[in-house]
Amino acid sequence: MIKYSLALTALMLIPGQSDQTGNPLLGKWDTPFETPPFDAITEAHFMPAFREGMRLEAAEVEAIADNPDGPTFANTIAALEKSGRTLDNVSRVFGCLNGANTNDELQKISQEVDPLLTRHGDDISLNPKLFARVKALWDGKETLGLNAEENTLLENYYKNFVRSGANLNDEDKATLRKINEELSNLYVKFRQNHLNQTNAVILVIDKQDDLAGLPEDAVRGAADLAAAKNMEGKWAFTLQKPSFIPFLQYAQKRNLREIVFKGYVNRGNNDDGFDNKKIIASIAALRVKRANLLGYRTHADYILERNMAKNPENVFRFLNDLWTPSLKRARAEIADMQAIIDREGGGFRLAAWDWWYYAEKVKKEKYALDEAMLRPYFKMENVRRGAFDVAEKLYGIRFIPRKDIQVYAPDVEVFEVTEGDGKHLGLFYSDYYPRDGKRAGAWSSSFRSQSNMDGKFVTPLVYNVGNFSKPTADKPSLMSVDEVQTLFHELGHALNSLFGNTVYSGSRSTPRDYVEMPSQIMENWAMDPAVMKTYAVHYLTGEPIPQELIGKLEMSKHFNQGFATVEYLAASFLDMDWHVLTDATPADAAAFEKASLEKMGIMDEIEPRYLSTNFSHIFSGESYSSGYYSYIWAEVLDADAFQAFKETGLFNRELAASFRKHLLSAGSNDMMAQYVKFRGAEPKVDALLRRRGLE
């Protein structure tokens, strides 16, 4: 029952211990809003801080377990919530740096500390005296007079202890410890292999002709990257999305598109020092062993028990209901692209590395629209301001730039978030551009979570990380539509954290398949025509996006949705297939994946969004294993919820207040009940099907 991890942490309060060592991670921070003092932190500070944090928490937990007084909510559950402040803090800072600005030294620290943290967490979860106190409270919960939040927190602690092996005998506990430590080591190896291959240069071009078709921005970005890699006069492309996606969309040289595409899909699958096949097979097998040890048939059964979906059968049923209409739509899209190939005398069948290129041609042909027409209207600073404006109009909050907050990289920016009356809500850090030390993708996390223990309201410190198109020497960051939606998406996660209004941060541990709902609903405002006019202005002229372009976007909103849904669902099926395994013997990863893809019947022209060896959502840690389906599960909720705003007004403040109260601020293990409080009924899949054009 670990309250923290390096990937997804649950920070409590800033440590209150005095600084005895001069280590900036261990003292109370004399900074605005007690923010991390990044200017003073070096790699050398982390291991001593981790060791001290573990020592302090072990002592705090032992004191709770050995308390001669009988267990009460205050001296056991609330006391556990207050424990581990120093370690939570160190873990949060390290987790941010190791994900967004890592280096060789930080990766070495991760290799050393992950198993120590796993062992430390097991020491707490498997402490029989501590569990006896928690169990006594759980067994007598009806007599404790707890309020709803306290009941939720007690339930979370009790079930987390049980699910972490507290009921096992000593022999099985020892086995569980060994499994957890092995998994911890494998996660580190997977993450580091994935980072190294994602950040690698996949293609270097030294002939101008090989750049045919590429937009000027993509060419300039490739030249800047090559120069930064000491390849002046050449053009370099990596497997970061801002680099490889434009190449696949526009490069006329089909053989080069194939190189880039295969480089992307084969990350971790190149039989080299960064190969992940044996690692993922071992992870899946160990998860089977652990699930069986804890009394579950499969890892998916173990994970889904606490999710809204409840069991694998419900997930597969849900995915299958979407699969057939998605395939039908994708086949129609393939026919459109093949027609263009044939008309141009291509003489070949559409392949997966052709999809992006010919999809752009279809978009131009059907809608007279392409990405290059839109990017000039999506300057990053304007898009971010647009996302802030949406939040301000809905909830009455404000985002105020702060230049006095220390940051961990030069291009990180900080904003103070306040209520309309000026009351401080928290801080928001934005970190949007790729760098060699940043893992792929986009995510939201925090250096500190909201809590209100002992009458002290602690405000959150939230950050968003992305890998969006970087500014060049003569142009600002001009974003793609996908990047625009991602920025709004991650701000939705941030708002979920900033609006926390509970006594205990541990009571806000919502089901994994709900977590994406607050983020995905923000994407609806991003592409709404009325909203777009407020932030989409040409970066040179300041002119708002023309109605003609907005109309084309509206007409094309179902464009490529067959592809987008199929590639996503295929990855979701692959995730579930790995985690309904019942055999604890490591599988042949390549053969297993091949069988999974053949079983689902995906067409050759589409690859799953992630293949096993680079599926970091499910193999870099525990967070989305058996849970990648969560995005589209949550999309059912967000599509239905946004429909309420469409019916009553995009910026209906009364409705927004209800959404914030029931779905963003409160802690609950029954988020469907919370949803019904907001909407009045459970959602139906209809709004999702309409949105994706899959009816």
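The values are calculated or read from the model by the stated rules, or taken from the named source; none is laboratory data. All figures in this text were calculated on a predicted structure; none of them were measured in a lab. Note: ideal-geometry Cβ built from the backbone for every residue, glycine included; neighbour counts use all protein chains shown.
Exactly one condition in (1) touching a residue at least 24 places away in the same chain (Cβ under 8 Å); (2) in a helix (DSSP H, G or I) is not met by Asn255; state its number.
(1)
Only helices (runs of 4 or more DSSP H) wholly contained in region 501-559 count here; list those with 1 or more residues that are over 30 Å from Tyr158 (Cα atoms) and of a type in the set (Lys, Arg).
Values: elements: 512-515, 517-526, 529-535, 547-555.
In region 501-559, the matching helices (runs of 4 or more DSSP H) lie at 529-535, 547-555.
Please go through region 572-591 and pick out each residue that is without any contact (Cβ under 8 Å) to a residue 40 or more places away in the chain and either acidic (Asp, Glu) or in contact with a strand residue (DSSP E or B) (Cβ under 9 Å, 6 or more places away or on another chain) (or both).
Filtering region 572-591 down to residues without any contact (Cβ under 8 Å) to a residue 40 or more places away in the chain leaves 577, 591.
Asp577 - this is the single residue of region 572-591 that is without any contact (Cβ under 8 Å) to a residue 40 or more places away in the chain and either acidic (Asp, Glu) or in contact with a strand residue (DSSP E or B) (Cβ under 9 Å, 6 or more places away or on another chain) (or both).
Has region 623-636 got any residue that is in a helix (DSSP H, G or I), touching a Pro at 6+ places or on another chain (Cβ under 8 Å) and either touching a residue at least 60 places away in the same chain (Cβ under 8 Å) or surrounded by 18 or more Cβ atoms within 10 Å (Cβ to Cβ) (or both)? So that I can check it myself, show each step before the final result.
Quick first cut of region 623-636, residues in a helix (DSSP H, G or I) only: 630-636.
Checking which are touching a Pro at 6+ places or on another chain (Cβ under 8 Å) leaves us with 636.
Filter once more, keeping what is either touching a residue at least 60 places away in the same chain (Cβ under 8 Å) or surrounded by 18 or more Cβ atoms within 10 Å (Cβ to Cβ) (or both): 636.
Yes, region 623-636 has at least one match.
Among the residues that make up region 140-152, is at least one of them within 30 Å of Asn464 (Cβ to Cβ) and either among the aliphatic types (A, V, I, L, M) or without any contact (Cβ under 8 Å) to a residue 24 or more places away in the chain (or both)? Walk me through how you get there before you give the answer.
To start, the set of residues in region 140-152 that are within 30 Å of Asn464 (Cβ to Cβ) comprises 149, 152.
Subset that is either among the aliphatic types (A, V, I, L, M) or without any contact (Cβ under 8 Å) to a residue 24 or more places away in the chain (or both): none.
Among the residues of region 140-152, not one is within 30 Å of Asn464 (Cβ to Cβ) and either among the aliphatic types (A, V, I, L, M) or without any contact (Cβ under 8 Å) to a residue 24 or more places away in the chain (or both), which makes the answer no.
Looking at this structure, is Ile283 at pLDDT 95 or above and either more than 26 Å from Leu214 (Cβ to Cβ) or not in a helix (DSSP H, G or I) (or both)? Break it down stepwise before answering.
Working: at pLDDT 95 or above: yes; either more than 26 Å from Leu214 (Cβ to Cβ) or not in a helix (DSSP H, G or I) (or both): yes.
Against the criterion (at pLDDT 95 or above and either more than 26 Å from Leu214 (Cβ to Cβ) or not in a helix (DSSP H, G or I) (or both)), Ile283 qualifies.
If you check Trp353 against the conditions, is it touching a residue at least 40 places away in the same chain (Cβ under 8 Å), closer than 30 Å to Tyr296 by Cα and surrounded by 14 or more Cβ atoms within 10 Å (Cβ to Cβ)? Explain how you work it out, then say what you get.
Values: touching a residue at least 40 places away in the same chain (Cβ under 8 Å): yes; closer than 30 Å to Tyr296 by Cα: no; surrounded by 14 or more Cβ atoms within 10 Å (Cβ to Cβ): yes.
In short, no.
Can you report the number of residues in region 531-571 which are of a type in the set (Gly, Ala, Ser), closer than 27 Å to Lys475 by Cβ and touching a residue at least 60 places away in the same chain (Cβ under 8 Å)?
Going residue by residue through region 531-571, those that are of a type in the set (Gly, Ala, Ser) are 536, 542, 551, 556, 562, 564, 570-571.
Cutting the leftovers down to closer than 27 Å to Lys475 by Cβ gives us 536, 542, 551, 556.
Remaining after also requiring touching a residue at least 60 places away in the same chain (Cβ under 8 Å): 536, 556.
Residues that pass the stated criteria total 2.
Suppose we filter region 457-488 for residues that are under 21 Å from the mean Cα position of the chain (by Cα), buried (at least 21 other Cβ atoms within 10 Å of the Cβ) and at pLDDT 95 or above; how many remain?
Within region 457-488, residues that are under 21 Å from the mean Cα position of the chain (by Cα), buried (at least 21 other Cβ atoms within 10 Å of the Cβ) and at pLDDT 95 or above number 15.
Filter region 652-685 down to residues that are farther than 17 Å from Ala494 by Cα and either in the same structural domain as Asn147 (by TED's automatic domain parsing) or touching a residue at least 24 places away in the same chain (Cβ under 8 Å) (or both), then give me how many there are. Quick ask: steps written out before the conclusion?
Let us first name the residues in region 652-685 that are farther than 17 Å from Ala494 by Cα, namely 652-655, 658, 668-685.
Pick out the ones that are also either in the same structural domain as Asn147 (by TED's automatic domain parsing) or touching a residue at least 24 places away in the same chain (Cβ under 8 Å) (or both) and you get 653, 668-669, 671-672, 675, 678-679, 683-685.
Of the residues in that region, 11 qualify.
For residues in region 356-396 being touching a residue at least 60 places away in the same chain (Cβ under 8 Å) and either touching a Cys at 6+ places or on another chain (Cβ under 9 Å) or not in a helix (DSSP H, G or I) (or both), which is nearest to Tyr432 (Cα to Cα)?
So the residue we want is Lys379.
Just to verify a result, which residue in region 196-212, among those that are part of a helix (DSSP H, G or I) and modelled with pLDDT of 95 or more, is farthest from Lys82 (Cα to Cα)? Show your work before the answer.
Applying the first criterion (part of a helix (DSSP H, G or I)) to region 196-212 yields 196-198, 208-211.
If we keep only those that are modelled with pLDDT of 95 or more too, we end up with 208-211.
Details: Gln208: 61, Asp209: 63, Asp210: 60, Leu211: 58 Å.
Among those that are part of a helix (DSSP H, G or I) and modelled with pLDDT of 95 or more, it is Asp209.
Give the number of residues within region 308-335 that are among the polar types (S, T, N, Q), in a loop (DSSP other than H, G, I, E, B) and more than 19 Å from Leu581 (Cα to Cα).
Of the residues in region 308-335, 0 are among the polar types (S, T, N, Q), in a loop (DSSP other than H, G, I, E, B) and more than 19 Å from Leu581 (Cα to Cα).
Looking at region 72-85, can you tell me whether even one residue there is touching a residue at least 40 places away in the same chain (Cβ under 8 Å), aromatic (Phe, Trp, Tyr) and within 30 Å of Pro410 (Cα to Cα)?
Looking for residues that are touching a residue at least 40 places away in the same chain (Cβ under 8 Å), aromatic (Phe, Trp, Tyr) and within 30 Å of Pro410 (Cα to Cα), one finds none in region 72-85, hence no.
Keeping to region 463-495, report how many residues are among the polar types (S, T, N, Q) and within 18 Å of Arg398 (Cβ to Cβ).
First, the residues of region 463-495 that are among the polar types (S, T, N, Q): 464, 467, 469, 472, 477, 480, 485-486.
Okay, now just the ones that are also within 18 Å of Arg398 (Cβ to Cβ), so 464.
Adding up the residues that qualify gives 1.
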